[in-house]
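Here is the structure we will look at.
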Amino acid sequence: MRKHSAAAASVAALVAAFLSAYACSERPATVPSDPWERLPGILAGITAPVFPDRDFPVTDFGALGDGTTDATAAFRAAIGACAGAGGGRVVVPAGEYLTGAIHLMSNVNLHVEEGATIRFIQDPAAYLPVVFTRWEGVELMNYSPLVYAYGEKNVAVTGKGTLDGQAGPQNWWPWKSSDNPQSQKPDRDQLFAQAEAGVPVAERVYGAGHYLRPSFLQTYRCENVLIEGITIKNAPMWLIHPVLSLNVTIRDVKAISDGPNNDGCNPESSTDVLIENSLFDTGDDCIAIKSGRNADGRRLNAPSERIVVRGCRMRAGHGGVTIGSEISGSARDVFVEQNEMSSPELDRGIRFKTNAVRGGVIENVFVRDVEIGETGSAIDIDMQYEEVAAGDFMPMIRNILVERLTVRQARYAFFIRGLEGAPLRGLVVRDSSFHSVSSGSVLEHVEDLLLQNVVIQPAGE
């Protein structure tokens with residue numbers, strides 16, 4: 001096994017050494033001759049749901065767009081009537097609507113028209129009773145997500161309007177702080193301990209009197225999902241969160257929220273997911289593909305697979321396109337193309353994160369035609385994330401292909417840390433350029449790295 005550290009080596013010398021070493025390697029990196037040939041077939045299997053041509057305006061059910069009158073009952077009635085009639089659109093006209101949790105039903109498209117804003121009540125009691133949900137990769141009974149569907153088919157949230165979670169420094173977000181009397185930490189620790197002990201999900205009850213923030217928009221065990229056109233902002237926690245869902249289309253969305261754990265889109269243990277032409281400007285990873293945490297992720301053993309991310313823009317965030325860290329159920333067949341990302345507050349571009357507690361296999365990840373303006377680490381693969389190697393579930397990352405990646409400015413070109421006994425295997429980067437790299441690269445426990453036609457230009461040259 002080869003171990004490399006770039007701390008003292010110049011970038012140019014490092015690249016030369018890699019090219020020389022791996023050109024004569026007895027175990028060259030291998031990838032399919034053209035894995036992108038699979039993409040059209042995958043896209044053909046991702047189709048947005050179609051809804052009957054019937055409209056149910058929430059104003060017909062008593063909702064007032066005055067921004068102060070509680071419209072929770074009106075939303076519930078409109079959705080129930082729409083589903084009962086066989087489906088259609090629940091239309092939110094221009095105006096400001098105050099509501100608690102919105103629960104979608106099969107064959108219902110919540111259509112938020114341009115000029116309409118749904119503002120979610122800040123009182124946590126508006127998201128009770130508890131529902132079956134997932135929190136940082138662990139199943140439990142908790143506050144309802146602000147928009148929620150469980151076990152439904154053909155559901156959508158569309159339109160050019162805005163969903164405002166009204167989270168901020170005075171509500172929801174302070175629960176993240178360990179210094180706050182209403183800190184999530186005791187509940188978080190207890191939940192994770194319950195999962196490791198195999199406590200049944202029905203007995204993992206949180207909600208009132210507890211401080212685990214809900215996701216904003218979550219579809220759980222749903223099929224045929226469409227999220228299109230809307231702006232989502234000021235989330236308590238993760239913004240768009242399909243869990244164990246099949247056939248999901250997310251397009252033309254603006255996810256703008258800079259709070260703690262405000263990931264833009266987290267497909268978790270989901271299959272056939274298309275994320276395209278969307279903007280992510282977030283307080284955590286812009287897009288993070290996940291599949292459950294530790295024992296709970298292994299219990300369900302449901303990977304995220306056939307995920308396509310294309311034509312998106314990433315601004316602030318911990319990572320642009322990320323896989324992990326709750327990845328115990330594995331991830332495979334991820335296609336990332338024609339995305340643009342840049343911000344002084346974008347910590348990493350292409351990011352993988354796991355460890356020997358999370359475990360899981362990340363494989364068959366294909367990236368092409370991505371432009372990174374300014375970031376910390378352009379390609380960041382960390383198998384020593386958080387708990388590092390203090391576990392019995394060695395992760396595996398293999399078969400990663402990056403083509404035509406252009407980086408204008410980065411601290412690190414590569415920041416890659418495998419584990420002894422579980423090295424990164426089969427990373428190929430070709431036809432790519434990294435400019436104004438200020439700190440070179442870090443590479444630990446890497447096997448079968450292949451660079452082809454790669455230029456790395458140190459800062460100042």
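Just a few scattered comments:
- Label positions at ALA85 and SER177, each projected 7 Å from the Cα along the C-beta direction, are separated by 4.7 nm.
- In plain terms, the bigger the Kirkwood radius, the slower the diffusion; for the range 418-461, with that radius from Cα pairs, at 4 °C and 1.567 mPa s, Stokes-Einstein puts D at 110 µm²/s.
- Taken along the Cα-to-beta-carbon direction at a fixed 7 Å, the label points for LYS185 and ASN277 span 4.6 nm.
- Projecting label points 7 angstrom from Cα along Cα→Cβ for VAL455 and ASN301 puts them 4.9 nm apart.
- By the helix-only formula, in which each DSSP H run with n ≥ 4 contributes -39500 (n - 2.57) and the sum is divided by residues, the chain has a 222 nm mean residue ellipticity of -3500 deg cm²/dmol.
- Spread of Cα-to-Cα distances over 10 Å intervals beginning at zero, given as percent, for the range 97-183: 15, 40, 35, 9, 0
- Computed log10 I(q)/I(0) for the range 32-184 at 0.12 Å⁻¹: -0.61, from the Debye equation with unit scatterers placed on every C-alpha and solvent omitted.
- FRET efficiency for GLU196 and ASP66, using Cβ-Cβ distance with R0 set to 41 Å, rounded to 0.05: 0.30
- 29 Å Cα-Cα reach of LYS160 towards lysines, excluding residues that sit fewer than 8 places from it in its own chain: LYS233, LYS254, LYS290
- Whether the range 305-367 is rounded, prolate or oblate, judged on the alpha carbon gyration tensor where a/c under 1.5 counts as rounded: oblate
- Distance histogram in 10 Å bins (all Cα pairs of the chain, percent per bin): 5, 21, 31, 24, 13, 5, 1, 0
- The charge dipole of the range 31-346, taken about its Cα centre with unit charges on the Cβ of Lys, Arg, Asp and Glu (plus for the first two, minus for the last two), comes to roughly 400 debye.
- For the range 377-461, the convex hull spanned by the alpha carbon atoms encloses 79 Å³ per residue.
- Computed with the Debye formula from one identical point scatterer per Cα of the range 135-241, without solvent, the log10 of I(q)/I(0) at q = 0.15, 0.20, 0.22 Å⁻¹ comes to -0.70, -1.09, -1.21.
- DSSP H segments from the chain that extend 15 Å or more along their own axis, Cα-based, with Kyte-Doolittle mean of 1.0 or above: 11-23, 72-84
Read-outs throughout are calculated quantities, based only on the coordinates presented, and are distinct from any laboratory measurement. Just so we're clear, the structure is a prediction, and the values are computed from it rather than from any experiment. So basically every Cβ, Gly included, is an ideal-geometry build from the backbone, and we count neighbours across all protein chains shown.
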